[in-house]
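Working notes, structure below.
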Amino acid sequence: MSKVDEPLQICLACFHLIPAHEQVCSQCGADLVAYSAQSYRAKLKLALLHPLADVRMRAIIALGWRAESETADDLVACALRHPSDVVEGLEIVNCLVQIGNAEVRRIALSDLQARHAAHAVREGAAAALAALR
C-alpha cells in the first residue's frame, strides 16, 4: 500500500503549490487568510495574474459580466502582459465595451489600440471605439 500524498493548496499570491494546512505561503510569505478574506472582485483581479491562460480567461469573462470601471486598468494590463494570446486580448476588448463609464471605457480601449502587440487586438479595440462614438 502506498502512502497518501499530503493535500495541497495553491497560494493566491504566487500560485505555488503548498501544504493545505499552511496559512502563510512558504514560497512568498503571503498571509493566505488575508487573501481569502478579500472581495470577489479582488480575487478575480488576482486571477488575472495566474500563469495558466484558462484561469485568466475565466477571470476575464467574470469581470466582463460585472462590467466594473475599477477593473479596466487590470484588464488592459493583463492583455499587455500576454500579447501573443490574441483570444484573451479580444475577450478583454469585449469586456471593456461593457463598462458603463464612457470615459474609462474610452481610455482603456485607446490604450489597447495604441499599445497591444497583436494587430487583431489593436483593430478590435479600434472597431470598438468607432462603434461607441
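Counted by Cβ distance under 14 Å from H50, the other residues give a net charge of +1, where Lys and Arg count +1 and Asp and Glu count -1.
Taking 4.7 Å between C-beta atoms as the pairing limit, the chain has these partnerless cysteines: C78, C95.
Principal-axis analysis of the Cα atoms of the chain puts helix 119-132 at an angle of about 60° to the longest axis. Residues in the range 94-133 average 54 Å² of solvent-accessible surface per residue, probe 1.4 Å, ligands and nucleic acids excluded. For the range 56-133, the relative contact order comes to 32 percent (Cα pairs under 8 Å, sequence separation of at least 6). Split the accessible area of the chain by element, probe 1.4 Å, and carbon with sulfur accounts for 56%. Remark: accessible surface ordering of S110, S39 (largest first) is S39, S110, probe radius 1.4 Å.
The values are calculated or read from the model by the stated rules, or taken from the named source; none is laboratory data. Model, not experiment: these values are computed from the prediction. Cβ: placed from backbone, ideal geometry, glycine included. Neighbour counts: every protein chain shown. Accessible surface areas use protein heavy atoms only, side chains included; no ligands, DNA or RNA. Shrake-Rupley method; radii C 1.70, N 1.55, O 1.52, S 1.80 Å.
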